[in-house]
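Undergrad: Take this structure first; my questions come after.
The values are calculated or read from the model by the stated rules, or taken from the named source; none is laboratory data. A quick note: this is a predicted structure, and the numbers were derived from the prediction, not measured. Methodologically, a virtual Cβ is constructed for each residue, glycine included, from the backbone with ideal geometry; neighbour enumeration extends over all protein chains shown.
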Amino acid sequence: MTIQRRYLLAVFVNLALPWLAYRLAFAHLGHPLALAASTLPLIAWMAWDLARLRHFDALSALVLTSTLLSLAATTIGDDPHSRALEEPTVSGIVGVMFLLSLILRRPLVFYLARSTLSREGNQVALDFDAHCRDRPELAWMLRLMTAVWGVGLVAENVLRVFIVWHWAGDRHALVASRVLQYGVYGALTVWTFWVRRRIRQQELERDAAPGRIGER
């Protein structure tokens, strides 16, 4: 599977399918049960992946954790104002998870990247492990990406909670909160793709270096 197809599949399974399940269930079951329904595609995918490929999908696990946190937040209150605070609070918790993983030997982005690459086979995952071990700059970039996503999600959480809380009951606050969410996620995604492209270019330059060519 090509890199483009691999990422399209990840987006479809972890974003499109849960969203579709939520939308289909919301009109008939309401918000809490629709959230529960949105976890079913993730659970089914992870179970199938584990049974067929012996592969644990870390990205699906992260999305599932976020959804379960949202579901737990509905126990606090399911009125529109509480629901408006629910999403940014959950994204802030996920951001804290990114930041806390920096104290570990491998940060969260390492496991997300390895989980995606391991779909190409065990050898691809082992090669990725070797690259992270032998190339300090790659390991540093993974830590940088983890830190940037963590700070970005926490900052988004703080700003969106402030907007919704400060302008409670104002419909424009919900619009501003949503625009801020898309802006932050869009910026983080674009930056991530730029970093991936830069890493890939460095790999190509490294492989094309005269000393490397002579070794072949």
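Undergrad: Does residue 40 fit the bill of being closer than 11 Å to residue 90 by Cβ and modelled with pLDDT of 80 or more?
TA: No: the conditions fail for residue 40.
Undergrad: Now, a different point. If I go through the stretch 179-197 residue by residue, how many of them are surrounded by 14 or more Cβ atoms within 10 Å (Cβ to Cβ) and of a type outside the set (A, V, I, L, M)?
TA: 5
Undergrad: Here is a further query. Might you check whether a residue that is under 20 Å from residue 196 (Cβ atoms) and modelled with pLDDT of 80 or more occurs anywhere in the stretch 152-161?
TA: yes
Conditions tested, residue by residue: (1) more than 21 Å from residue 113 (Cβ to Cβ); (2) outside the structural domain of residue 117 (by TED's automatic domain parsing); (3) under 21 Å from the mean Cα position of the chain (by Cα).
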site: 27; (1), (2), (3): yes, yes, no
site: 30; (1), (2), (3): yes, yes, no
site: 41; (1), (2), (3): yes, yes, yes
site: 63; (1), (2), (3): no, yes, yes
site: 70; (1), (2), (3): yes, yes, yes
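Undergrad: Moving to a separate point now. I'd like to verify a number: residues in the stretch 91-131 that are of a type in the set (Phe, Trp, Tyr) and either at positive phi or not in a helix (DSSP H, G or I) (or both), how many?
TA: 0
Undergrad: State all residues of the stretch 105-128 that are exposed (fewer than 14 other Cβ atoms within 10 Å of the Cβ) and among the acidic types (Asp, Glu); if no residue qualifies, say none.
TA: The one that is exposed (fewer than 14 other Cβ atoms within 10 Å of the Cβ) and among the acidic types (Asp, Glu): 127.
Undergrad: Is it true that some residue in the stretch 76-99 is hydrophobic (A, V, I, L, M, F, W, C), in the same structural domain as residue 189 (by TED's automatic domain parsing) and at pLDDT 90 or above?
TA: yes
Undergrad: Return the residues of the stretch 129-176 that are within 12 Å of residue 110 (Cα to Cα), over 19 Å from the mean Cα position of the chain (by Cα) and crowded, with 16+ Cβ neighbours inside 10 Å; say none if nothing qualifies.
TA: Those that are within 12 Å of residue 110 (Cα to Cα), over 19 Å from the mean Cα position of the chain (by Cα) and crowded, with 16+ Cβ neighbours inside 10 Å: 132, 138.
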